[in-house]
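Just below is one structure, and these are the notes that go with it.
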Amino acid sequence: MPSDTLQPIPLFTLSRQSAQLTAAIKEAVNRVLEHQEFILGKETAAFEKKIETACLGGAAHAIGMSSGTDALMALFMAKNIGPGDAVITTPYTFFATAGCIHRVGAEIVFCDIEPLTYMMDPEKLRELLVSFQRDASGSLITLSGNRVRIIMPIHLFGTCCDMDAIMRLAKEYNLMVIEDAAQAIGADYPSAQGPQKAGTIAEMSYFSFYPSKNLGAAGDAGMAVCRDEKLAEELRSIRNHGMKERYYHNIVGGNFRLDALQAAILRAKLPFLEQWSAQRRANAAIYRSAFEAASLLDRVSLPYEYFVASGLNNHHIYHQYVIRILGSAQSGLRERVIAHLTKKNIGYAIYYPVPLHLQKCFAYLNHVQGAYPQAERAAKETLALPIFPELREEEIRAVVGAIAEAVI
Ligand SMILES: Cc1ncc(COP(=O)(O)O)c(C=O)c1O
């Protein structure tokens, strides 16, 4: 394959988005500059309503926040998560989840991932829950003596976790669930009760609108999501220093407000989300056929389409296209692939190179190498390839061609 004849192929770019979108964004920005309602107000409220109908199927409330991370902080604050509590999550993900657990003073409890999907392994979760003692009131207590309150599965790379199994365990052990849906806006989950939207399966969740997300702002933005109306009210107050009435503070909150400019830009982009996710899925299908045609499936494992048989369009929204270079934890093959991609000017990323239990800032948790073997293996073997909607077929074939040159 003549992969050296091509221009650089970026991992991600917004520069190929249509002129039509640029016009809509400019109009949105001008509108805000004219009405000058910069904080919350009608732009944020209108965007929240749109998300509730377009991405949550009317099944939950959407509360605009300054980032995904801030949305999670607000959820923890609303649920009074703090010292003496423990939250279960996975070590193979972006830092925000564990970071927020630490910041509210709760204990981070890790549960290893399932190797095909890279997401929380319900079997491992069960083993973990079974290993805990109960106190006199029946609460689940970790080895450090903290009360387990929340399970936080992460819908990584654009498809959902095995939520039916996780929700069953949460019910059995009387625990709350927060879905980390930062990467999964608009994804469909085929639950046993019927299709559900990512973010509406558990009682609480959140999205990130970081610029490279499927729906990205022109800066930081996020959204808390919850089913309960009273909790939604509380989150609206928490994002605004705990106020309901101006300058009367019944609770302590923070400044987690979604910027009106970002809300207006996101509103302009939202009508394209469905189409962009479909284009990402089409790109994934081209990758699959190119990897198959190059006979690479004994060297590389492709993203697992957990729910493809459900017939739901958005069973995967391909926020990232992450492959595994098989055996590279031992062989170092991934590093050779990376060197070759770099030589060919092809963008890539490693999501995520250091599992969270081995991050320096969490050394106090005393986890050793080998504690979460699947997360550690994924960190050494995975590689994210370009998947953005406007990626061209010949570029996808060139990426696969370059990988073939490196691994054969
Ligand atoms: C899985 C996951 N969780 C949380 C976050 C945090 O979101 P934000 O960057 O909007 O704070 C991100 C975003 O990058 C993410 O990918």
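Put a dot 7 Å past the Cα of E390, heading toward its Cβ, do the same for E229, and the two dots end up 4.4 nm apart. Considering helices alone, the calculated mean residue ellipticity of the chain at 222 nm is -11500 deg cm²/dmol, with DSSP H runs of length four and up weighted by -39500 (n - 2.57) and normalised per residue. Note on region 272-407: Cα-only Rg and Dmax are 16.2, 48 Å.
Taking each of K213/K244; K197/K244; K360/K380; K50/K244; K49/K244; K79/K360 in turn, the alpha-carbon distance tops 25 angstrom for K213/K244; K197/K244; K79/K360. Net charge in the neighbourhood of E381 (other residues with Cβ under 14 Å of its Cβ; Lys, Arg +1, Asp, Glu -1) is +4. Note on the chain: with charges restricted to the Cβ of Lys and Arg (+1) and Asp and Glu (-1), its dipole about the Cα centre is near 460 debye. The packing ranking of peptides 379-388, 238-247, 68-77, highest mean first, is 68-77, 379-388, 238-247, where packing means the average number of other beta carbon atoms within 10 angstrom of each residue.
Figure the gain on full extension for Q133 and L116 (residue separation times 0.36 nm, minus the Cα-Cα span) and round it to one decimal in nm.
Difference between extended and current length: 3.1 nm.
Taking square-rooted eigenvalues a ≥ b ≥ c of the alpha carbon gyration tensor, is region 133-281 rounded, prolate or oblate, where a/c under 1.5 means rounded and, failing that, a/b exceeding b/c means prolate? Oblate. Modelled spin-label separation between T53 and Y364, with each label point placed 7 Å from Cα along the Cα-to-Cβ direction: 4.7 nm.
Straight-line cross-link reach from K343 at under 16 Å between alpha-carbon atoms covers these aspartates and glutamates, not counting any fewer than eight positions away in the same chain: D4, E335, E395, E405.
Distance from the Cα centroid of region 278-297 to that of region 208-265 is 38 Å (rounded to whole angstrom). For the chain, what number results from the quotient of the Cα radius of gyration and 2.2 N^0.38 Å? Computed over Cα atoms of the chain, the ratio equals 1.00.
Using a cutoff of 8 angstrom between alpha carbon atoms and counting only pairs six or more residues apart, the relative contact order for region 272-407 works out to 36 percent.
Every read-out reported here was derived from the displayed coordinates using simple, explicitly stated rules and does not represent laboratory data. As the structure is a prediction and not an experimental result, all values here were calculated from the model. Note: ideal-geometry Cβ built from the backbone for every residue, glycine included; neighbour counts use all protein chains shown.
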